[in-house]
Every structure is written in C-alpha cells, then in structure tokens.
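The values are calculated or read from the model by the stated rules, or taken from the named source; none is laboratory data. These numbers were taken from a predicted model, which means no experiment stands behind them. Note: ideal-geometry Cβ built from the backbone for every residue, glycine included; neighbour counts use all protein chains shown. Only protein heavy atoms, including side chains, enter the accessible area calculation; ligands, DNA and RNA are left aside. Shrake-Rupley method; radii C 1.70, N 1.55, O 1.52, S 1.80 Å.
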Amino acid sequence: ASSSSAEVSSFLCAPYTDRQNILSDVDRAVEAIAALLLSLKVRKPSIRYQRSSDVAFQISESLYRLTYCQGDGLFATERGSIEPLVLILDRTSDPVTPLLTQWTYQAMVHDLLGIRNNRVDLGGKDVMTKVPNDQKQVVLSSEQDDFFKKAMYNNYGDLGIEIKNLVDGFQEASKMNHNIQSIEDMQRFVENYPEFRAKQGNVSKHVTLMTELSRLVEEGMLMNASELEQEIACNTSMKSSTFWNEVVDVIKDHKVKDDHKVKLAMLFAIRFEKEGETISRLISELIDSGVPIKKANLVRQVLDYGGQGKRDDDLFGGNKSFFSRASTAVKGLKGVDNVYTQHQPLISNITEQMFKGKLKEQDYPFHSQVPHVDAKHVNELIIFIAGGVTYEESRFIANLQQQSASLKVFLGGNGVLNYKTFMQAMATRHRLSS
C-alpha cells in the first residue's frame, strides 16, 4: 500500500482488507481505551457495542478479555464505585457526518487545510495566501493558544469578528509598547518583548488561517453546496425530486471541485438509497461533468460501506425523526444564519437515548460478561468510534461535557476524519473490493 492509503483505517475497508490488519487495529484500539481507563484509576468497565458491527463486537470482546481476564490485577474493583461505561460504535452507523462541509473554526481548518498532530501545513503549493516564513507550519492547540481555545467551536460568521477583535487588541498593545519615553519604559518593553513577539505571531497565524479559509470558501462556492448538503441531511420530509435540480446544478458548475460534487452525490445517495435509478442517473451526471469514473463510483462504495443494511439507527428520521426535530429546533432558536450548522451527529441521538435509558439493548447490547450500568449514574463515559471521529462530534462532546459537571466524557477513534480522508478510505475500499 502507498503511504497515503496506509493511513486509512482498516475498519473503513472491512471486510475487504486483510484480516490481520483489522486484528492489529483492534489491538491498538483496545490498548488506547485500556490506557485511558488506567490513567483514570477507575474500575473494570461496563461495555456496550453496536450490534450491527463485527468490528465493534471484536473490540468489546478484546477489551473485556484485557480488563477482566488478563489484566485482572491492574483494574480496581473497590466496592461502592460505579463502573465507567465504554460505548463502542462503528463509523458505518453515521457516514453522513464526515462528508458534510464544516463551518466551525477547528473543523473548518481540518476540512479545508488538514490538522495533523495539532499542526497545520501552510507551506504547500495549494495555499495561495501570503504566509510569513516562520509560519509555514503552525500549531493549533487549545492548551497553548488562548484565542483558539475560546474560538475553536465558533462558527465562520462569528470568527471574522473574533479575529478582528484579536487584531484590534494587539494594535492597542503595540501602541503602548512603542510609546517609550524613559529608561524605565525601555526596560519594561524589553521585559515584555518575548510576550509581545508571541502575541504578534499568534495574531498573524489566525489572520493567515482566516484569509486562506475565506479564499477557499469563495473559490470553491462552498456556501451554496453546503446549504444543500445540510438540507439533504436534515430535512427528512423532502423527496429526492425536491433536491434533484439543485444537486445537478452544483455538479454542472465548473467552479465546484470534483470532490465537492462527489461528496454531495454521496450524501444524496445515502439519503435516498432506495431510489436506485435516480442514483444511477446522478452518477451519470457526475461522469458527464468530467468527474473521473473511479471517483464517481465512490457514490456506490459509500452505500456498500454505510448503507441502510449496515446501520442500526435510522439516520434520517423514519420512526425516530431525530434529525428533522433537531434541525427545526436549531432553526427556531438561532435563525436562518445557522442553516450551515443545523446538522447534529448521530452520537448526539445515541447519548441522549442512553441517558434517558431508552437506547435499545437489541441494537446496543452490553457485553454478556460485564455489569450493566445505568448511564444516568456513571461518572466516566468513553465513546470509541471504529473508523475515526470528526471535529463536529468532538464539538458535541465538548458541549455535553459543559452541561454535565459530574460526568467526564471522552471521545476516541482511529484518527480524525474529514471529507478528504473519508473519501480516500472509500477509494481504497473500492480498490480492495474489485
């Protein structure tokens, strides 16, 4: 495998990938969860998993063996404490979230530029914004950057205002530093200079990132396509014919990049999976617009990966009508400007059901050998998504954590997906399956 496809989680390519790859990824996942449990100094966990996923079952079985059988002495068993709950999901249950265009700061940067180990590479030939030499690679860490910590979940509209305030604040501090009239002033400036330089670098970093994000949004016509993506994902009462002309218009627009055309078609196909003839026509439209056949075929591949037969939950409502309720509530509360962020990831529904005691055990059973716990009473919840997580899900977990002071919530997976890495995984999967 090439270095790029080697980064694809084997879980996203199951069952076509080598079984040994899956087993080694299972081992890595279990070691990571066990290391977190040990660091928390908690009891042996209660384990729930997604029944429709063979991978989720394997992880739960392996985690049970490690925590209850092999590492018996490592995990505490003191009486009176409540077991932490580990919930193991599979990306197959929600292939929609990684495909949606993102509009909050951290998620946008990952979506359009890529974040790897908290670093963003601005030195590539695709970056058109003028970048200072010392900022070809920048660090985006909420632990080291107060502005980023405050703004990482802000939406694109608010972000421009926040960054302008950051610049204004810096200019004010800069004026004060340049007003040197005495030896004492000079000494104070020299003492503050390292902090001044650090602030200058930080302001410059965020201005550069915002400038490049704005360019990519404008050039790629992302707002029009994104509004359509959100409507397809959230508006559960609409028929495919309602969206058809708009989807085809985006596909025919030469300003829209191939990847954005294909991911829109993928979302349409997941939403209207039963309409096979319509999906075939959509793939033909992609090919006619100049999208390579291999890339257009990813529309069928995403259905093979995360179609209705692979999911326990009805992603688009049906009996549960979760997304339609969520999107209506968001629109009602926050006005039309949030049509770009109305989508809620499936884990928000799963956790909500779990805390209400309504998450069906037939779909998300407890491991047969572990204690059953009531999610309302747990102090630690660990959610692991086999195949990878997204920053949209991370934002949801951060909000959940804010609302629940007594609960520690952790989210993990095989890396952080964006639409590019998810589509790359579907391409690898397609290659392995043929």
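Among the residues of the range 131-164, the ones that are over 25 Å from residue 343 (Cβ atoms), in contact with a Leu (Cβ under 9 Å, 6 or more places away or on another chain) and in a helix (DSSP H, G or I) come to 2 in all.
If you go through the range 215-230 and keep only what is open to solvent by 40 Å² or more (accessible area, probe 1.4 Å) and assigned to a helix (DSSP H, G or I), you end up with 215, 218, 219, 223, 224, 227. What number of residues within the range 47-63 are of a type in the set (Lys, Arg) and more than 22 Å from the chain's Cα centre (by Cα)? Here the count works out to 1. Listed here are the helices (runs of 4 or more DSSP H) enclosed by the range 1-106 that have at least 1 residues being open to solvent by 10 Å² or more (accessible area, probe 1.4 Å), at pLDDT 90 or above and closer than 30 Å to residue 148 by Cα: 19-40.
Residue by residue, here is whether (1) over 24 Å from residue 148 (Cβ atoms); (2) touching an Asp or Glu at 6+ places or on another chain (Cβ under 7 Å) holds:
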| site | (1), (2) |
| --- | --- |
| 340 | no, yes |
| 346 | yes, yes |
| 353 | yes, no |
| 366 | yes, no |
| 382 | yes, no |
| 387 | yes, yes |
| 400 | no, no |
| 409 | no, no |
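Out of the residues in the range 152-208 that are closer than 21 Å to residue 118 by Cα and either in contact with a Pro (Cβ under 8 Å, 6 or more places away or on another chain) or of a type in the set (Phe, Trp, Tyr) (or both), state the one that is modelled with the lowest pLDDT. Selected residue: 204.
Screening residue 389 on (1) surrounded by fewer than 18 Cβ atoms within 10 Å (Cβ to Cβ); (2) without any contact (Cβ under 8 Å) to a residue 40 or more places away in the chain shows it passes everything except condition (1). A single entry from 408, 358 fulfils the requirement of being open to solvent by 40 Å² or more (accessible area, probe 1.4 Å) and free of Cβ contacts under 8 Å to residues at least 12 places away in the same chain: 358.
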